[in-house]
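See below for the structure under consideration.
The values are calculated or read from the model by the stated rules, or taken from the named source; none is laboratory data. Quantities reported herein were computed from a predicted structural model and do not represent experimental measurements. Quick reminder, even Gly has a Cβ in these numbers, built from the backbone with ideal geometry, and neighbours come from all protein chains shown. SASA here: full protein model, heavy atoms, side chains in, ligands and nucleic acids out. Shrake-Rupley method; radii C 1.70, N 1.55, O 1.52, S 1.80 Å.
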Amino acid sequence: MITKVFMPKLSDAMETGKVIKWLKKEGDAVKGGDLIAEIETDKANVELEAFGAGVLRKIVIGEGGQVPVGDLIGVIADPAEDISSVAAAPAKPAAPPAAASAPAPGPKPGPASAPAPQPAAAAPAGPLPAMESYQSVPATAEVVPMAPAAAAPAAPAGGRVKASPLARKIAGQTGVDLRVVQGTGPGGRIIRRDVEAAPAAPRPAVVPAGAPQPAGAPRPTAVPARPQFVIPPRAEAEFEDVPMSPMRAAIAKRMPMSKAPVPHFYVTSEVAMDGAWSLREGLNALEGQPKISVTDLVIKAVALALLKNSGINAQLNGQAIRVHHRAHIGIAVALDQGLITPVLRDCDIKPLGRIAVESRDLADRARGGKLRAQEMTGATFSISNLGMYDVEEFSAIINPPEGAILAVGSVLQKPVVEDGEIRVGRRMKMTISCDHRVMDGAMGARFLQDVKRLLEEPLRLLV
């Protein structure tokens, strides 16, 4: 059976896509669900999965080729099938290397041998390494492939260490230098077992204050509790015009599509986070369990509240209102180039620990440009948390076609009055932005009441 591989449409604003790298070569066997290519969109780099089985018979668009959404980029079929009718277009060549030598003098080429157009200047300098395949696994597990007979070195020619997000996390906790670890994953990638088998970097000895330093020992440098605020030197130029990245250009095009035609209204509530904070500290003290963040608690509370308030889990769909019965939560992740919102699915039925692992994995791969196509679309509601930036309160712009988004601020210690007495309590403000065409103020207020109750009675998040 012939399976055509098309350039996917991964966002409403996406018009073209670029093939960054083919993860399979012509002639390689392919199964449904295999990662076959990396695609650059206007928001991120995503890994494209195969939807058919057979052999990758034809790469129609080579690495570096940019084509409109819906164009054919490859063909998967059985080895004996005739694909001439669907794969007649020649593969577009990849961008030539920057340091390519000049061609030898010769006769002037004709039209048939004209050089291929160069890719856009905003494209990355080179292909990104492939990621491990992440499947649905228990919260504390990692997909560990069998070690090949001969492992490749972990660091490629460009100097970037190839390692899974979990391996990087464990290395950061144990002090292992990934540059000296031999990877046993696909293509020499460093995975969890490689880090666990490597010796940790020795920790510097703690010298009591006032004790004499050993001969020849370097003088220790005091580490400030917080990063120092350093004013950069004044630039000579009065101003600078910086070209937009593809992601920032997509945001600039998409946000007016939301803010201008969508009538926003906002509802703010303050949550007593004392119980949730204590629960989080208790869970994080358990050895071998995933670390829970405030965002993870909010995701679970929002997902459960959406089931009760289905009118918030809705969007405008022509002349109808589409009400969703699953809680697929978009999690805003800030990148240097802009904002991206990967999607964590079925948050209403996932335990808190699973949400913690998957949300952190999504954020890590979003920052590394390694999201999959299905992780970029399908959110029914979004959450944007700026609490880690000491932001007490803000409002967010709805990400169409969703009908609402929740903005979450910092958990602050402040004086509170309870039973006529003043004490120190932990408080957090959250603001929901709603599409007034789909829902009303009372609906948003009731939704926030339920989220507030779940966070103030946090044991409900565990059942």
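Here are a few things to note about the model shown:
- Within the accessible area of segment 379-463 (1.4 Å probe), percent carbon and sulfur: 52 percent
- Amide hydrogen neighbours beyond the local backbone of residue 396, cut-off 5 Å, H modeled: 407, 433
- With 0.36 nm allotted per residue and the present C-alpha distance subtracted, the residue 241-residue 269 stretch has 6.1 nm of extension available.
- Cα shape, segment 412-463, gyration tensor, a/c 1.5 rule: prolate
- Theoretical FRET efficiency, 1/(1+(r/R0)^6), r = Cβ-Cβ of residue 281 and residue 445, R0 30 Å, to 0.05: 0.50
- ³J(HN,Hα), Karplus 6.51/-1.76/1.60, whole Hz, each residue of segment 52-59, x for Gly, Pro: x, 10, x, 10, 6, 7, 8, 9
- Surrounding net charge for residue 324, when Lys and Arg each add one and Asp and Glu each subtract one, Cβ distance under 15 Å: 0
- Virtual paramagnetic centre 7 Å along Cα→Cβ of residue 418, amide N under 11 Å, in segment 259-286: 272-276
- Shape category assigned to segment 363-449 from the gyration tensor of Cα positions, a/c cut at 1.5: oblate
- Residue order for 14, 244 - accessible surface, 1.4 angstrom probe, largest first: 244, 14
- For the set 9/162; 253/300; 162/370, the pairs lying more than 23 angstrom apart at their alpha carbons are 9/162; 253/300.
- Cα gyration tensor shape of segment 258-349, rounded if a/c is under 1.5, else prolate or oblate by comparing a/b with b/c: prolate
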